[in-house]
């Protein structure tokens, strides 16, 4: 585990990084404050000085993932132009955000709704999915997608492909080209099947 082990390097941000790592390793339910304390190399009282408990750390962690995803929907390329072009931008950027914030999105995808924070995160995920699904439906209505494509099924397949990245993507330090190649491949594979023939 690449957790912080020296008190003089401890900050709220490094505590969050450690918490995400431990949550992903042990599962949120399987993580205690003692586990977090040992991993961070600080006392439990030091942790409580900054957060009320592990659920606050969970909320901060999944918020970091969700903030990145929802920011994509506010980018100009996601708000202007034909729906299919906006959808393609959102799909690309969603894959990029997932890889940029990999531990945080991994944790987000693993929450199961056992706590108030997890239920909140699941609701926010559903909201994001619904907004992307609405884009896909609009692209279909515009005639830019294959007529036989079921919008709900296509949305699930899109997110299934993107979300699966967390299971195998292991970035190398400083290797931004690899992330770009993955995002390109996601867009190419998805839209080769979605776009209507004869459309650019």
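Within segment 172-188, the residues that satisfy the criterion of being at pLDDT 70 or above and loosely packed, with under 12 Cβ neighbours inside 10 Å are 172, 181, 188. What residue, among those in segment 140-164 that are more than 24 Å from the chain's Cα centre (by Cα) and surrounded by 13 or more Cβ atoms within 10 Å (Cβ to Cβ), is farthest from residue 85 (Cα to Cα)? Step by step, filter segment 140-164, then rank; the result is 149. Of all the numbered requirements in (1) touching a helix residue (DSSP H, G or I) at 6+ places or on another chain (Cβ under 6 Å); (2) under 17 Å from residue 108 (Cβ atoms); (3) surrounded by fewer than 16 Cβ atoms within 10 Å (Cβ to Cβ), residue 167 misses one, and that requirement is (1).
From the list 70, 128, the one residue that fits, being surrounded by 14 or more Cβ atoms within 10 Å (Cβ to Cβ), assigned by TED's automatic domain parsing to the domain that holds residue 161, under 15 Å from residue 163 (Cβ atoms) and within 16 Å of the chain's Cα centre (by Cα), is 128.
The values are calculated or read from the model by the stated rules, or taken from the named source; none is laboratory data. For clarity, every value in this text was computed on a predicted model and none was experimentally measured. Cβ atoms come from the backbone with ideal geometry, glycine included; neighbour counts cover every protein chain shown.
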